[in-house]
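Right, one structure below, let's go through it.
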Amino acid sequence: MNAGNRRSRHAARTGLALVLPLAALAACGGGGGTDTAAESGSGTGTISVWAHQGQKSEDTALQNAVKSFNSSQDKVKVELKLIPGNDYTKTITATDASKLPDVMEFDGPTMANFVYNKKLAPIDGYVSSKTMANATDASKAQGEINGKHYGLGMYDSGLGIYGNKKLLDAAGVKYPTGLSDDWTADEFTAALKTLKAKDSDGKPLDLQETGGYNNEWGTYGFAPIVWSAGGSLLKDGKAEGALDTPAVVSAMKTFQSWKTYVDPNTDGNAFAKGRVALSWVGHWMYPTYSEALGDDLVVLPLPDFGNGPKTGQGSWAWGIGADTKNAKAAGTFLDSLLDDTNITAMTTANGAVPATRTALAASPLYKQGGPLQLYSDQLAKPCGDTDITKSCVAVTRPVTAGYPTVTAKFSEALNSIYGGADPKSTLEKAARGIDQDFSDNAGYKIP
């Protein structure tokens, strides 16, 4: 399986499968206006549930969760419909709100657009206080708009740099042991120069460049550079003055300079086969990399461009359809779905980061002392999407109905910069494009 396919498989479960669906979302209109509140209903009867069809193990975990819920009580019956992942977001986008299910899964960054178009209702008051309290802060940040929660996830995501300890040690490169001693951007560049001298083809870095960056991987994978440089994709509803600051321009010049060190990784095995010492990617590559490298695998934070190391976060989540007539029953099902038994089964199936405090603390991979503790440490310091300070790490992609435009313009700019375009003028153009779209759509305001 090549890197592109591997990333596609990951995309089905962590929120990177957005390129075509987001284009469809961008064409959506008619949002705004009064907030939509679901009807409570009796709390009994049959409810419909839609979910994306992912890898088989994921589907089985979800089907088992539904079977267990249906057999555990006789007041609420769930009818589950799986829709192919590549068609899922487009299906919700094309379906009138009145025809949508009582409960539906959605890709995290699409949430605000569905709220804007009155397809999701707040879940506050329908899921239990216990469920809400046990959700990680990062998961809640992804699902919150104006103090209301529209979704909670079973799992989350994160980025890091996987290192080959054997190759790093052989080159004499000192590397971070965690968030507290992360590389600066200059130190990371210096490490690449040192590794280049010891590398047979002078290309010691994998940036998962196979599919290009004009897509959601571009935004998810490299917006952390913007945030770490003290910038933002969007600030107070504007990109100009946030995305195109001198510090972000400088950071993007550094990113551009790394291309000379990058293995194109056309076979998807550059890191696993030991051709490169470093791979910039996410938690989803751990099974492949740990099998290939064993004890030589180390997990490092992304480099710090001045505002602290940052990572993307967010993934698929669950919410209540705005037109449901039985939100109480929907909430009862979500309480069951989001318990530790089901979350552990799902994250065992897909390897993602559990999105509840208790399941995360018990996870063999992500608990304190586990091989992927870094991802837990990062998610334990959530920024949300607006207050991106030096002390927080996990940043939520902008929670706005205009996200399709934000990610399209940024990823296009990133791809051009990587290809050699001038970072300053390219970022300024992207910022203008985002702001023009927001101006044309009254800022995509959600009440």
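The values are calculated or read from the model by the stated rules, or taken from the named source; none is laboratory data. Since we're looking at a predicted model, the values are computed, not measured. Methodologically, a virtual Cβ is constructed for each residue, glycine included, from the backbone with ideal geometry; neighbour enumeration extends over all protein chains shown. Side chains included, ligands, DNA and RNA excluded: accessible areas come from the protein's heavy atoms. Shrake-Rupley method; radii C 1.70, N 1.55, O 1.52, S 1.80 Å.
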(request) Would you mind checking which residues have amide H under 5 Å from residue 356's amide H? H placed 1.01 Å from N; only 5 or more apart, or other chain. (result) 136
(request) Using only Cα positions of the stretch 168-316, each an equal point scatterer, no hydration layer, compute I(q)/I(0) via Debye at q = 0.09 Å⁻¹ and quote the log10 values to two decimals. (result) -0.29
(message) Would the stretch 234-323 count as rounded, prolate or oblate if I go by the C-alpha gyration tensor, calling it rounded below 1.5 in a/c and otherwise prolate when a/b exceeds b/c, oblate otherwise?
(response) oblate
(request) Enumerate the aspartates and glutamates that residue 409 could reach by cross-link, defined here as Cα to Cα under 14 Å, with residues fewer than 8 away along the same chain left out. (result) 216, 240, 244, 428, 435, 437
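Pairs of alpha-carbon atoms within less than 8 angstrom and 6+ residues apart define the contacts here; what relative contact order does the chain have, in percent?
Values: 921 pairs, mean separation 126.6, N = 447.
It rounds to 28 percent for the chain.
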(message) I'm a student and want to see the number: the projected area of the Cα convex hull of the stretch 244-401, averaged over all directions, in nm².
(response) 12.6 nm²
(request) Any of 198/273; 148/367; 77/325; 130/235; 203/273; 67/328 with alpha carbons more than 21 Å apart? Name them for me. (result) 148/367; 130/235
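Accessible area per residue of the stretch 170-285 at 1.4 Å probe, in Å²?
Numbers: 4280 Å² over 116 residues.
Accessible area per residue, the stretch 170-285: 37 Å².
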(message) As an exercise, find the ratio Rg/Rh for the chain from alpha-carbon atoms, using the Kirkwood inverse-distance average for Rh.
(response) 0.97
(request) Return the carbon/sulfur percentage of the accessible area of the stretch 283-411, one whole number, probe 1.4 Å, all protein chains in place. (result) 50 percent
(request) Would you mind getting the accessible area per residue of the stretch 286-436, heavy atoms of the protein chains only, 1.4 Å probe, in Å²? (result) 34 Å²
(request) Before rounding to the nearest 500, sum -39500 (n - 2.57) across all DSSP H runs of length at least 4 in the chain and divide by the residue total; then give [θ] at 222 nm in deg cm²/dmol. (result) -12500 deg cm²/dmol
(request) Enter the angle in degrees (range 0 to 90, nearest 10) between the Cα long axis of helix 423-440 and the first principal axis of the Cα atoms of the chain, meaning the one along which they spread out most. (result) 10 degrees
(message) Give the residue list of GluC sites (Glu not before Pro) in the stretch 37-129 that are DSSP loop and have at most 14 other beta-carbon atoms within 10 angstrom.
(response) 39
(request) Kindly express, to the nearest 10 degrees and within the range 0 to 90, the angle between helix 56-72's C-alpha long axis and the longest C-alpha principal axis of the chain. (result) 30 degrees
